[in-house]
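Below is one structure, written out as structure tokens, with a few remarks after it.
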Amino acid sequence: MMASQISAGENPYAGQGAVLLDIGGGIGALVVAMPPSLAGVEIEARPLPDRDGHLPHVEVLRRPTPSGEIWSAVFAELDAGTYELYQRPAGAVRLRATVTGGQVVHATWPST
């Protein structure tokens, strides 16, 4: 399990420092700015086209930044491609994002 996928309940230090990203080649990262109201919620990323296998999911956590705290969902290691994101276990798709290998992609969760 990746460090970003360990919940605050499993890791009391989750969200208190930097996130280690393992990107390069065909692997990128996705950072989604989240509303504070979703703190502790699990967000899942389903690749398109849909394929069998593990669906990565992370918890929405408060994270420190030089300009103050933000709430985010950080997918530290995703195969390049397009993903649909939704609240677990089976919420409606709320966001679609395309991850590029070797890069960190930023997105914002829709407010409604």
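The values are calculated or read from the model by the stated rules, or taken from the named source; none is laboratory data. The structure displayed is predicted, hence computed values, not measured ones. Positions of Cβ are generated from backbone atoms using ideal geometry, with glycine treated the same way; all protein chains shown enter the neighbour counts.
Structure data summary
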quantity	calculated
Matching entry among Ala73, Ala107, Ala90, Ala97 (being surrounded by fewer than 17 Cβ atoms within 10 Å (Cβ to Cβ) and of a type outside the set (S, T, N, Q))	Ala90
Hey, Gly26 at negative phi and either modelled with pLDDT under 95 or over 10 Å from the mean Cα position of the chain (by Cα) (or both) or not	yes
Residue in the range 56-67 that is assigned to a strand (DSSP E or B), free of Cβ contacts under 8 Å to residues at least 12 places away in the same chain and of a type in the set (Ser, Thr, Tyr) present	yes
Whichever residue in the range 20-36 is among the hydrophobic types (A, V, I, L, M, F, W, C) and either free of Cβ contacts under 8 Å to residues at least 12 places away in the same chain or part of a strand (DSSP E or B) (or both) and, among such residues, is farthest from Thr100 (Cα to Cα)	Ala33
Selection from the range 37-55 of residues that are more than 15 Å from Trp109 (Cα to Cα) and in a strand (DSSP E or B)	Arg46, Pro47, Leu48
Condition met for Gly102 (outside any strand (DSSP E or B), free of Cβ contacts under 8 Å to residues at least 12 places away in the same chain and not aromatic (Phe, Trp, Tyr))	no
